1. If you take the Cα atoms of the range 1-119, find Rg, then find the Kirkwood Rh from the mean of 1/r over all pairs, what is Rg/Rh?
2. Among 406, 143, what's the order by accessible area (1.4 angstrom probe), most exposed first?
3. Just the Kirkwood number for the range 353-403, please: inverse of mean 1/r across all distinct Cα pairs, in Å, one decimal.
4. 222 nm [θ] for the chain, helices only, -39500 (n - 2.57) per DSSP H run of 4+, per residue, to 500?
5. How long are the three semi-axes of the equivalent ellipsoid of the chain, in whole Å, if each is the root of 5 times an eigenvalue of the C-alpha gyration tensor, listed from largest down?
6. Give me the number: length gained by fully extending residue 309 to residue 469, i.e. 0.36 nm times residue separation minus the C-alpha to C-alpha distance, one decimal in nm.
7. Just to compare against my own numbers: the Cα pair-distance distribution for the range 137-257, 5 Å bins, whole % per bin, please.
8. So what does residue 485 come to for accessible area, using a 1.4 Å probe and Å² rounded to 10?
Amino acid sequence: TVSDPTGAVIPSVKVAVLNSATGATYETVSSAAGQYTQPNLPTGSYQLTLTADGFKKALRGGIAIGATVVARVDVTLEIGSVADSVEVTAEVSRLQTDSPEVGTTLDSQSLTALPLNFSGGRRPESFAFVISPGVGGTSYTSHINGSTGFSKEMLVDGASVTVNQSGDVNAALVSLEALEEVKVQTAGMSAEFGRTQGGIFNLVLKSGANQPRGSLYFGLRNEALNANTFANNYRGVARPQDRKQNWAGSFGAPVYLPKVYNGRNRTFFYFAYERYKERSYGFGSPSKSVPIPEFYEGDFSQLLGAATTFRDALGRTVARGAIYDPKTVQQVADQRAGANYGKPALVWDPFPDNRIPQARFSQVARKLNAIAKASYLPTIRDASGRIPLLNNAVFPASGAPEWDHHQYSIKADHNIGSRHKISGSYYYHFSPRLILDAGGMWDPKDREGGPLAKARRRDDTGGGARLSEDWTISPALLNHFTLSYNRRVNPQKCIYCD
């Protein structure tokens, strides 16, 4: 609201809103009730200039506008000549009194300063699960104020990233260096966000400015800096490979073509690239049980245990772990006391000493045994030098020992004039990895686990593009247009299926 020193409202006051970084100007006029509004401003710092006949020009600077923020700035004009000016530098209250929205906001500087774990790649939404009230879960299945999974919405530059499931962050892996702000809206959202049950993760990409700016980031983890585990020290095993590298850079400025075009105050760009590489082939403590060498020769005598209290239909005791010969099946009269006494029953004879003759092995079994003996023999022995039946092999400690991210984005803004602004952005990520969540056996000599491993490759690819136009038709009428495109490809490839 604009008023005079007596508190009376002032109509028809010209209000110019200037973006301090880009020089973009937005103009409006106060109504008969002395009220003015300027919707849909890009994030940034702004300065207000208010002019009216019979009053001194008023300047109000340092107004920070973030994503979905409603900043109320009431101004009192002093009587005097418009040639005179009064500048007010008081900070605008951060408390939103004109919006019921509840949320958590982090700007780019706060995001990059947070001690976020970069394992698996830095994710801009990670902070929300730690410091945002009402937000829980993980990047994959988050819950906001008790909502169901996959019910939140994620926006990049104002447009949804949803492809195959709502709010899927993997469809919009954007570098932290490319983000101006991340806002998690958890309650009281505007009606424009009516497509979500839970909340909004709102990501705003950085724009260029008159002052060139950029950033650099590097993170490193290497086994040379690690202490060995107690289990490895006990087994005399060296520190496993544990390598993670993460580096990123960004730069933005006005578009400048020597002797052709100077985009200061008009045309800007901002580019960001991030690269993450993980190679963690270290093994955990022995937790896998694989067949011992004797099993491949048909010798299962170590499985043969003591006699149990059970008997077969001929009254013979049943030994724990006994293997029965399928070729010896016969039908006999049940000799056991009880309701089934004398009735027909089937019995088999156990292999002597639990040894299966190799001549009985099928050709398929022989081939599989040859592969297993070459790659999957147990690697663990107990104190006596004997191979135990259980926990006699190791498996990679990481569920994704190979994981890469290639992320880049670019954003461009152009001020056609005070009434027309256009903006466009494009982001892309390629994230190949080796996934071991299906378990199985593992050949320590093969980085992909060998032909009997259950490892698979997943080359997750995604990206999106946005194009928007803001046209101020009149001081009271704004047309905002956004066109967006999203794509995600998530193939699963079995490594040894051929």
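1. 1.06
2. Working: 406 55, 143 75 Å².
Heavy-atom accessible area, descending, gives 143, 406.
3. Roughly 14.0 Å, rounded to one decimal.
4. So the calculated ellipticity at 222 nm is -1500 deg cm²/dmol.
5. 70, 25, 19
6. 49.4 nm
7. Pair shares across the bins are 2, 9, 14, 13, 12, 10, 11, 11, 8, 5, 2, 1, 0.
8. Rounded to the nearest 10, that gives 130 Å².
The values are calculated or read from the model by the stated rules, or taken from the named source; none is laboratory data. Every value quoted in this text rests on a predicted model; they were computed, and no experiment measured them. Note: ideal-geometry Cβ built from the backbone for every residue, glycine included; neighbour counts use all protein chains shown. Calculation scope for accessible area: heavy atoms of the full protein, side chains included, ligands and nucleic acids excluded. Shrake-Rupley method; radii C 1.70, N 1.55, O 1.52, S 1.80 Å.
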